[in-house]
Every structure is written in structure tokens, then in C-alpha cells.
Amino acid sequence: MSAPGASRVLEAAASGIGHAGRMYIGSKTGVVVSAGLMDKTVKVRLWGQRWEKHVSKSFKYPHYHLVHDPSNSVRKGDVISIAAGWRESSRKKHVVKHIMAPYGTPIDARPPVPTEEELKAAYVAQRVTKIERREAAAKERREIKQRELAEAEERRAQKLAKARQHQQEETTTTTTSITDVD
């Protein structure tokens, strides 16, 4: 069962626009300073410069970023290449592109780092299942609402029939009592 919304996600992925058209923007090299403490997340140190106006000079200044590591393949001390433009959560705005210089365990003994195409395919598959799940839930809610409306209408009809029957009984008792008096 393919949902109508799912086809929109697939079309957006194919055209390279929207969320399904996520893409790497730029590339930065950094050293992993923390790995294995958070699932699929590593902390990377990147070097930048900061201007000190008192001495009129720029100094090296470290910047730290949380980076998405989809397969948990990066270890502490690795030199990696990261790319921006792949917002995974509110604090993770980068993703691991590849490992440039491994530290400790060789790259062959680790899970492979997924390519951009594999990440896109996984994202599209996840979105399609989510859209299908939402549409199934919406369909179920509509059916429940229709069932409740039908039950309410049935209760109203029963109540009305009961009221008419009661009214008929009252009119028959009043007419018989009037004739009994004469």
C-alpha cells in the first residue's frame, strides 16, 4: 500500500528539493573528542580564529559541534570530515562524511560510514512509513467518528420514537378518560 503522501516524498527526493533532498553543504575537518557516550552522536573539535581587540591579533580558538554518526563507526581521536546541512536534531547540524585518519581500531573492523545516497534512501523510507502510519491513523479516526455519529443518530431516533410512543399513550389515556366521564 503506497500512500499518496509517500509519492510526494519520493518525488521530492528524486528532484533533490525539500527535506527529502537533504544534501551535504561544505566540508570541515575535525578531531573527535567524545564518542560512545551518546548513541549515533560524537563531539568534534574544529579550529577557528577569534579576534582579540586588546592585542589586535587573531588566536586559534576551538569550536565544538555535535555530529550525527549514523552507524556508530567513529571512535575518540579519529580525524574525520563532516558536512553541514543535515539537521538531525536541534543540536546536531552536521553529519560524518568519512573517516580521514582512524585512531586505534582500523577502519575495516568498524561499521562502514553510510554515503549521502544511503542516508537519503533511509530518510525517504522512514518518511514513507511515517506518512503511511499517519494516514492509517487518520482513516481509523474517521471511521470511529462516523461510527460515533451513526450511534448518536440511532440513539436520537430511539429517543424520538420513545417520546412519540409515550405521547400516543398519553393521548389514548386522556381520550378514554374523557369518554368514561360522559
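The values are calculated or read from the model by the stated rules, or taken from the named source; none is laboratory data. Note that the coordinates shown come from a computational prediction; the quantities given were computed from them, not determined experimentally. In case anyone asks, the SASA skips ligands and DNA or RNA and just uses the protein heavy atoms, side chains included. Shrake-Rupley method; radii C 1.70, N 1.55, O 1.52, S 1.80 Å.
Tell me, what % of the accessible area of segment 58-182 is carbon and sulfur with a 1.4 angstrom probe?
Here it works out to 54 percent.
Counting only protein chains, not ligands or nucleic acids, how are H68, H63 ordered by accessible area (probe 1.4 Å), most first?
H63, H68
At 1.4 Å probe size, with no ligands or nucleic acids counted, give the accessible surface of S27 in Å², nearest ten.
Roll a 1.4 Å probe over it and S27 shows about 70 Å².
With an 8 Å cut-off on Cα pairs and a minimum separation of 6 or more residues, tell me the relative contact order of segment 47-182 in percent.
15
Return the Cα extents of segment 94-168 along principal axes one, two and three, sorted largest first, each rounded to a whole Å.
Projected onto the principal axes, the Cα atoms of segment 94-168 cover 93, 22, 19 Å.
Quick check: with the 1.4 Å probe, what order do L160, L66 take by accessible area, largest first?
Output order, biggest surface exposure first: L160, L66.
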